Amino acid sequence: MITITDTGDDDRLDRAFLALADPARRRIIARLSRGPATVNELAEPFAITKQAISKHIQVLEQAQLVTRTRDAQRRPVHLNPLQLEALTAWIDQYRLVREGQFRGLDAVLQAQAILRSQAAEADGQQTKD
């Protein structure tokens with residue numbers, strides 16, 4: 001069984017998943033996966049104000065999913081790959097457990113299928129005799 005013992009980890013996960021619960025923020029993350037962008041660039045495909053996009057970015061920053069840098073007049077937003085990798089690792093630990101369980105179930109089902117096939121063959125040969 002997998003447990004989270006560090007409440008700091010638990011809080012970070014909560015913030016990250018809460019941030020990703022919003023479709024606009026997921027679209028922002030998807031856009032940033034192609035490279036850094038300014039607030040204006042991120043706001044282009046949305047029918048909401050730049051101020052609303054800035055608030056979404058703040059939520060993503062608080063979840064440590066994105067960072068901002070200063071480049072002269074520009075303040076590009078970047079994905080934080082370390083935080084995304086941490087989320088992926090957390091999800092993967094559960095996925096790997098489930099995959100192991102499914103592999104075990106597959107083996108049981110395959111063994112049962114073989115036994116049924118052998119029993120059917122034995123029945124077929126008995127009726128021929």
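Within segment 43-72, count every residue that is part of a loop (DSSP other than H, G, I, E, B) and either of a type in the set (Gly, Ala, Ser) or within 23 Å of the chain's Cα centre (by Cα) (or both). I'd like the intermediate steps shown before the answer.
If we filter segment 43-72 for residues that are part of a loop (DSSP other than H, G, I, E, B), which is where we start, we get 44-49, 63-65, 69-70, 72.
In the following step, the residues that additionally are either of a type in the set (Gly, Ala, Ser) or within 23 Å of the chain's Cα centre (by Cα) (or both) were identified as 47, 63-65, 72.
Residues flagged as part of a loop (DSSP other than H, G, I, E, B) and either of a type in the set (Gly, Ala, Ser) or within 23 Å of the chain's Cα centre (by Cα) (or both) within segment 43-72 amount to 5.
For segment 64-79, state whether one or more residues are on the phi > 0 side of the Ramachandran plot and touching a residue at least 40 places away in the same chain (Cβ under 8 Å).
Narrowing segment 64-79 to residues on the phi > 0 side of the Ramachandran plot: 64, 72.
This time we only want the ones that are touching a residue at least 40 places away in the same chain (Cβ under 8 Å), so: 64.
Taking every residue of segment 64-79 in turn, at least one turns out to be on the phi > 0 side of the Ramachandran plot and touching a residue at least 40 places away in the same chain (Cβ under 8 Å).
This table checks each residue for (1) touching a Cys at 6+ places or on another chain (Cβ under 9 Å); (2) exposed (fewer than 11 other Cβ atoms within 10 Å of the Cβ); (3) in contact (Cβ under 8 Å) with a residue 24 or more places away in the chain.
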position	(1), (2), (3)
34	no, yes, no
41	no, no, no
59	no, no, yes
100	no, yes, no
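Taken together, the values in this text are just the output of simple stated rules run on the coordinates, not laboratory data. Here the structure is a predicted model, which means the values were calculated and not measured. With ideal geometry, Cβ positions are generated from the backbone for all residues, glycine too; neighbour counts draw on all protein chains shown.
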